[in-house]
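Taken together, the values in this text are just the output of simple stated rules run on the coordinates, not laboratory data. What you see is a predicted model, and the numbers here were worked out from it, not measured in a lab. Cβ sites come from the backbone with ideal geometry, for glycine too, and all protein chains shown count toward neighbours.
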Amino acid sequence: MQIVPLAYDHPDAQKLIAEVQQEYVNRYGDEDATPVDPADFAPPRGYFAVGYVDGDPVASGGWRAHDGPQPQFQPGDAEMKRLYVSAAMRGKGLARAMVVALERSAKAAGRRRMVLETGDRQPEAIALYTSMGYEPIPKFGVYRHEPGSRCFGKVL
């Protein structure tokens, strides 16, 4: 997979973001309600990328900087968002490769910890994150009061 940094609002990114939002509808009944500003994913305080296989956009992911307030965020945090692999390409290690690329870019930008929020109806995502060294952290964001919300973090 070739991972290409792109703007959050690039057409290929938007195609994959629409697919991940539909995945949330299928699993939870609605799209992710977390407020997202495409500018949050622009360097140097953010990053977004699309993964291509044979010229086709098949994976996405990004991060945006947070520097508090605690306890939800700590100075130097990067919040991972929109990690996604198209259904036909799952099981090939593409999500893991995208996470590694996101971690590297966040660390290069001076971020110290990657954090993320997911849900208990995404067991494959939870398995991926925990296998990569992510540990449970206090809940944050729009879903912090939802029983099915799961938040993880990893020092970079």
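Before moving on, here are some points about what is shown:
- When each of the peptides 29-40, 93-104 is scored by how many other beta carbons lie within 10 Å of its residues on average, the order from highest to lowest is 93-104, 29-40.
- Peptides ranked, highest mean first, by Cβ atoms within 10 Å: ranges 57-67, 42-52: 57-67, 42-52
- Farthest towards the positive end of the charge dipole of the chain, among the residues A125, Q2, G110, is the Cα of G110, using unit charges on the Cβ of Lys, Arg, Asp and Glu.
- Based on Cα contacts under 8 Å between residues 6+ apart, region 2-112 shows a relative contact order of 25 percent.
- Remark: the chain carries a charge dipole of roughly 560 debye about the Cα centre, counting +1 on each Lys and Arg Cβ and -1 on each Asp and Glu Cβ.
- A simple count of charges around D120, restricted to other residues whose Cβ falls under 11 Å of its Cβ and scoring Lys, Arg +1 and Asp, Glu -1, yields +2.
- Among K15, K92, K81, residue whose mean-square fluctuation peaks in a GNM of the chain (springs only between Cα atoms under 10 Å): K92
- Rel. contact order, % - alpha carbon contacts under 8 angstrom, at least six apart, region 100-156: 46
- Measuring between alpha carbons in the structure, the pairs from K81/K107; K92/K139; K15/K154 lying more than 26 angstrom apart are K92/K139; K15/K154.
- Neighbourhood net charge (11 Å Cβ-Cβ; Lys/Arg +1, Asp/Glu -1) for Y24: -2
- Distance from region 4-66 to region 94-156 (C-alpha centre basis), Å: 15
- When each of I3, I17, I126 is scored by the number of other beta-carbon atoms lying within 10 Å, the sequence from fewest to most is I126, I3, I17.
- Shape category assigned to region 4-156 from the gyration tensor of Cα positions, a/c cut at 1.5: rounded
- The chain, helix-only ellipticity at 222 nm - DSSP H runs n ≥ 4, -39,500 (n - 2.57), divided by all residues, nearest 500: -8500 deg cm²/dmol
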